[in-house]
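Right, one structure below, let's go through it.
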Amino acid sequence: MTKVIILPSAHKRMSRADKVALLTSRRFPGLSIEELEAVEKAQVNGASLDEAINVLAENEGVPANERDTYSGDLKAALAFKAELSSSTRMRELYGEVRAKEEEEREARGRTADQQRFFNKPSAAADFQEWGRKAYWTVDEAVALCLSKNPSRVNARSLKPWVHVSPFAAQYMQNLDLIGRAAEVGEIGKKPGDVSPKKLFTWAKRNGFPYPSELERTAQQPGAGNKVEENTMGRPEADEIDTRTLHTFYKLVLGLAQKHHGLEFSDEGHRRASKGISDLLHHTPFEVADKTVSKHLKAAADWAISQGKVKTKM
């Protein structure tokens, strides 16, 4: 008899009868569900169990010296099939089969992953190169935490492999986790940007794995994400983000215009800069004249570029 093959992908739409067939074929791989049903049908028509098995063995061409084994296997399979009439037992055994299938599928996937592009030497991350960058995108951070080169291993390049590769599936899970942390500002000042230092803090707090070498290289002197330590031995604050910078521009320009007569001309700029510098000389927040002039001009240039004023200094 032709055996019915139950594919793992069909689990979600399996009927009770299909589950019985799957579990029985897993427990008794040498028998088919059709053979069991043939014996049961013969019994319904009045044959004894032994008579039904003998007729089936004859029809299947089972050699005489194998019929005792064949008969024993059929009786055990029929008893197992009857055991599955209990819904509780069915769920228990079916769960075990699904778990084993998943383990086998992941094992096959891991074996296949070893030959895929993301495990080639060219896909390995260069921590020295990436550690120098001031920030990473979410996708880059995910790849680096998996010791991969973001230029080669990323959400786009892994998309075709998501349903067959354990690595690709894990990458997408990590992308979701880090992406959510970035959205709420836990690991960066702007959604989509990742501060390495904040990422490592978040990862340690949440038990999220990453290579220690990545952290070491990102913290080396000269790395883009870490400013040189000041005289107090503490790292200086991260660079100000664009939105906050523009807010400060507005504050500086507003105060300079209100209290120091700022006009958007060369003479107006010099006069306002001098007034601000003189004022700061009498406070604990003294700033050099050239520095005041430089930042005031940057603020004015921004205001002109935004169309807030029309006269250029």
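Readers should treat all values here as calculations from the given coordinates under stated rules, not as data from a laboratory. Note that the structure is predicted; figures quoted are calculated from it, not measured. Methodologically, a virtual Cβ is constructed for each residue, glycine included, from the backbone with ideal geometry; neighbour enumeration extends over all protein chains shown.
At a 10 Å Cβ-Cβ cut-off, how would you order Ile33, Ile304, fewest neighbours first? Can you show the working numbers first?
Details: Ile33 22, Ile304 15.
The most exposed by this proxy come first: Ile304, Ile33.
Give me a comma-separated list of calculated 3J(HN,Hα) values for the range 120-126, in order, Karplus coefficients 6.51, -1.76, 1.60 applied at θ = phi - 60°, integers in Hz, x for any Gly or Pro.
7, x, 5, 8, 6, 6, 9
Give a residue-ordered list of calculated ³J(HN,Hα) values for the range 138-147 (Karplus: 6.51 cos²θ - 1.76 cosθ + 1.60, θ = phi - 60°; whole Hz; x for Gly, Pro).
Result, ordered by residue: 4, 4, 5, 4, 4, 4, 5, 5, 9, 6 Hz.
When Thr201, Thr88 are ordered from fewest to most other Cβ atoms inside 10 Å of their Cβ, what list results? Kindly include the intermediate steps, with their values, before the conclusion.
Numbers: Thr201 13, Thr88 7.
Taking fewest neighbouring Cβ atoms as first place, the list is Thr88, Thr201.
Which of the pairs Lys258/Lys294; Lys198/Lys250; Lys148/Lys250; Lys100/Lys159; Lys189/Lys274 have their Cα atoms more than 31 Å apart in this structure? The partial results should precede the final answer.
Numbers: Lys258/Lys294 19 Å; Lys198/Lys250 28 Å; Lys148/Lys250 42 Å; Lys100/Lys159 26 Å; Lys189/Lys274 34 Å.
Check vs 31 Å cut-off fails for Lys148/Lys250; Lys189/Lys274.
Under 5 Å between amide H atoms, partner at least 5 residues away or on a different chain: which partners does Arg132 have, H built in plane at 1.01 Å?
Correct list: Gly224.
On a full-extension model of 0.36 nm per residue, what is the gain between Lys159 and Arg116, subtracting their alpha-carbon distance, rounded to one decimal in nm? Let's see the in-between values first.
Details: separation 43, 0.36 × 43 = 15.48 nm, distance 1.33 nm.
Result: 14.2 nm gained on full extension.
Calculate the spin-label point distance for Ala64 paired with His295, positioning each point 7 Å from the Cα along the beta-carbon direction, and give it in nanometres.
10.6
Tabulate in residue order the Karplus-calculated ³J(HN,Hα) for the range 166-183, using 6.51 cos²θ - 1.76 cosθ + 1.60 with θ = phi - 60°, rounded to whole Hz; enter x for Gly and Pro.
Each residue's phi maps through the Karplus curve to give x, 5, 5, 5, 5, 4, 5, 5, 5, 4, 5, 5, 5, x, 5, 5, 5, 4 Hz.
Grab the Cα-Cα distance for Asp278 and Arg98, subtract it from 0.36 nm times how many residues apart they are, and report the gain in nm with one decimal. Could you put the intermediate results ahead of the total?
On the way: separation 180, 0.36 × 180 = 64.80 nm, distance 7.74 nm.
Gain in length upon complete extension: 57.1 nm.
Could you list which residues have their amide H under 5 Å from that of Ala124, counting only those 5 or more apart in sequence or on another chain, with H placed in the peptide plane?
Asn149
Given 0.36 nm per residue, what is the gain on full extension from Ser86 to Ser147 after removing their alpha carbon distance, in nm?
On the way: separation 61, 0.36 × 61 = 21.96 nm, distance 4.90 nm.
Stretched fully, the Ser86-Ser147 segment lengthens by 17.1 nm.
Using Cα-Cα distances under 8 Å and only pairs 6 or more residues apart, what relative contact order does the range 242-305 have, in percent? Don't jump to the answer; show the numbers that get you there.
Working: 48 pairs, mean separation 21.0, N = 64.
Relative contact order of the range 242-305: 33 percent.
What FRET efficiency do you get for Leu245 and Leu177 if R0 is 25 Å and r is their Cβ-Cβ distance, rounded to the nearest 0.05?
Values: r = 30 Å, r/R0 = 1.19.
Step by step, r from the Cβ atoms, then E = 0.25.
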